[in-house]
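The values are calculated or read from the model by the stated rules, or taken from the named source; none is laboratory data. Keep in mind the model is a prediction, meaning the values are calculated, not measured. Glycine gets a Cβ as well: all are built from the backbone with ideal geometry, and neighbour counts include every protein chain shown.
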């Protein structure tokens, strides 16, 4: 399982994206649409569950966790989410079931690391009768994580759910900030505005940290990394931790100056790992308190190179 591999590579926290089942359980999937991350499309008994829904203003077609009980989801098997960029990972398709939040926490506790759950699409789940906040708060209490000292951060792109759960738990909370657009529950706000000094001051009223798209900290013009912004300084000034996301090693995700190309360009060029160490270095030098990465071993190595 990827969580165990991350721990073996030195991750301090593991991050389950959480969605909700029809019978109210928290499970770890990148999205509530599971056609791309499980074998559900090949399961004839679930063919009729395929449907189209409006998720945060976007039309999505597939199979959704809120239409399955936990027992039904447990019959499915996980698949690589980015097979075009990570074809080697498809060798592990079919080996793992969908874990519950409780099962992910057990893995973290056994290894002595923290857990960093994200509440995915709470506005949508509330609209189908599955509100997120109380379930999340109850789960934290059940796992002994209802404390600012606990090894947990709860994150979300929406604003209202974080403000609500602030009244239900003492766990640390993190406001996620996307590179563009607005929170699904607050179209009157923009993420760009939330990333300003005034916006960060407003976030500090209900959250303990901020998880910005990494471009807010170290921008890029597509060719090279640009000088760090004042984002970290502004966030620290109002008491917020800064944990940018998501550093990935493949050329596809890096500016051109950090890409490594084969001697002769091949079809797999986007999947080749570039000089991601420079991306980590730039973020660490900017003063971030941690980073999200699909490659925790590389993040740890870069941190050791800088700080020992």
Note to self: Going by what's in this entry, would residue 201 be described as in a loop (DSSP other than H, G, I, E, B) and out of contact with any helix residue (DSSP H, G or I) (no Cβ under 6 Å at 6 or more places or on another chain)?
What the structure shows: no
Check: Which of the residues that make up the range 52-68 are touching a residue at least 40 places away in the same chain (Cβ under 8 Å), closer than 30 Å to residue 254 by Cα and not in a loop (DSSP other than H, G, I, E, B)?
Finding: 55
Checklist line | Considering residues of the range 173-185 that are surrounded by fewer than 22 Cβ atoms within 10 Å (Cβ to Cβ) and touching a residue at least 40 places away in the same chain (Cβ under 8 Å) only, the residue nearest to the chain's Cα centre (by Cα) | finding: 184
Next item on the list: Have a look at 12, 17 and point out the one that is farther than 21 Å from residue 96 by Cα and touching a residue at least 60 places away in the same chain (Cβ under 8 Å).
Entry: 12
Checklist line | Boolean, residue 93 is over 17 Å from the mean Cα position of the chain (by Cα) and surrounded by 17 or more Cβ atoms within 10 Å (Cβ to Cβ) | finding: no
Note to self: The conditions are (1) more than 20 Å from residue 6 (Cα to Cα); (2) in contact (Cβ under 8 Å) with a residue 40 or more places away in the chain; (3) part of a loop (DSSP other than H, G, I, E, B), and residue 291 fails exactly one of them. Which is it?
What the structure shows: (1)
Check: For the range 269-282, what are the residues that are outside any helix (DSSP H, G or I) and without any contact (Cβ under 8 Å) to a residue 24 or more places away in the chain?
Finding: 272, 275
Item checked: All positions within the range 224-264 that are under 30 Å from residue 205 (Cα atoms), touching a strand residue (DSSP E or B) at 6+ places or on another chain (Cβ under 8 Å) and assigned to a loop (DSSP other than H, G, I, E, B) -> 240, 243, 244, 246
Notebook entry, point to check: Has the range 69-89 got any residue that is surrounded by fewer than 22 Cβ atoms within 10 Å (Cβ to Cβ), touching a helix residue (DSSP H, G or I) at 6+ places or on another chain (Cβ under 7 Å), modelled with pLDDT of 95 or more and in a strand (DSSP E or B)?
Noted result: no
